[in-house]
Every structure is written in C-alpha cells, then in structure tokens.
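Reading through the structure tokens given below for one structure.
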Amino acid sequence: DYIIDIPAETKEAIQNEKLVPAKLKEATKTKITFAAKIEDGIIYTITDAVLYTYLPTKVDEFGFKFLVNADFLTTASREQIHFKNIWNRFLFTQIGGLLLDWIKSLSNYKGALSLLPSKADDTDNLLCNDFCKALVQSISGKPFIKGHKGELIAIDEIMIDKSGLSKIIGKDLF
C-alpha cells in the first residue's frame, strides 16, 4: 500500500470535472495498492491481471503482470476506466513512479524483476504514456536490481554476460 498526497495542482484540475465525485474532490490523500503472487519465495507474474477499484474492472490492456488497486474513475458499468480523465492520468503517473519502489521492496524474492513491463505497447494511450514516462524517470540512477553479491544496484551499473565468460573466469573477475 502506498498513501499518496494529492498535489494542489491535481486537486485544482479535478474541481471542474463532472466525472470526479465530490468526496474525491475533497480528498487530500489517495491509496494505491500493488499485489503479486508469491509462492515459496518466488514471484509469479499474473497473466490475466486487471485493474481494481476495490472490485475488479475488465481493464487489462496495460499488460501489467501484477494487480493494482486504486480509486480509478470508471464507466457506469465499472468495467472500464476513463482514459483521458485527469484523475486517472494522475494515478497512472503515480503507479509508474511507485512501481520501482515496490519491486525494490520485493528484491529478496526470486523473480521480482519479472514484474517490470517489457515495453510500452500503446503509445496512443495517454495513461500508458503517463505510466511509462514516470517509470523511466524513476529508473534512472535508482538501485533496484540485485547484484551477484546480493547488493542492490542501478540499471546503469549492471552488465549482463550473454557470452558465458563470467562462468569461466568467475563473476568477481568478470
């Protein structure tokens, strides 16, 4: 769970939105919850992950490999979310910014990095763009990848050995 302060500019921007309920317009904080399947110390991705707004929606087009629960603004049927809404855009920016912190907190489990998205599939989707921009910004310089000695290191400090040389000469020497 992540409790997020709602910035003044977001509060101001949603005041004239018809889709935003009065209770949300008055709120000063919101909560985003991430969930993953962990079994025997291993994280398993969720292939049919949908967004939750306390109940499941049918929104699965983001390709998340984990569950997200937040105060998304949904359609009347509660099956879809509003894709151009300022509030939902704010939430997706927060999700992108917090995802790395969550994955970092799971670093003691095998497979934590499998929760990261492989790539942005829909660049025409504003929510996807907001998420990706925040994720890329949070990745730079932040240690979240477990090194071979168990320490957390940043993405720009890693080297992946596809040649197998490190197995021959040893990881430390490599």
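Some observations on this one:
- Each other residue within a Cβ distance under 14 Å of residue 2 adds +1 if Lys or Arg and -1 if Asp or Glu, for a net charge of -1.
- Spin-label model, residue 55/residue 124: points 7 Å from Cα along the beta carbon direction are separated by 3.1 nm.
- Eigenvalues of the alpha-carbon gyration tensor of the chain, scaled by 5 and square-rooted, set the equivalent ellipsoid semi-axes at 35, 17, 14 angstrom, largest first.
- Paramagnetic label zone (point 7 Å from Cα along Cα-to-C-beta, residue 1; backbone N under 16 Å) in the range 71-104: 71
- Accessible-area composition of the chain, carbon plus sulfur, in percent [1.4 Å probe]: 53 percent
- Relative contact order, whole percent, for the chain stands at 16, derived from Cα pairs under 8 Å and 6 or more residues apart.
- Förster-model FRET efficiency, 45 Å R0, residue 11 and residue 174, C-beta, rounded to 0.05: 0.30
- Cα-based helix-to-principal-axis angle, 126-139 vs the chain, degrees rounded to 10: 40 degrees
- Accessible surface, the range 77-174, averaged per residue in Å² (probe 1.4 Å): 61 Å²
- Ordering of 22-29, 60-67, 93-100 by packing [mean C-beta count within 10 Å, highest first]: 93-100, 60-67, 22-29
- Checked against a 30 Å cut-off, the cross-linked pairs 104/171; 133/167; 58/162; 23/104; 18/65; 31/84 give Cα-Cα distances beyond that limit for 133/167; 58/162; 23/104; 18/65.
- Between the range 108-174 and the range 1-66, the alpha-carbon center distance in angstrom: 24 Å
- In order along the range 76-81, the Karplus-derived 3J(HN,Hα) couplings, from 6.51 cos²θ - 1.76 cosθ + 1.60 at θ = phi - 60°, round to 4, 6, 6, 9, 10, 10 Hz, and Gly and Pro are given as x.
The values are calculated or read from the model by the stated rules, or taken from the named source; none is laboratory data. Every value quoted in this text rests on a predicted model; they were computed, and no experiment measured them. In this analysis, Cβ positions are derived from the backbone assuming ideal geometry, glycine residues included, and neighbour counts consider all displayed protein chains. Just the protein is used for accessible areas: all its heavy atoms, side chains included, with ligands, DNA and RNA removed. Shrake-Rupley method; radii C 1.70, N 1.55, O 1.52, S 1.80 Å.
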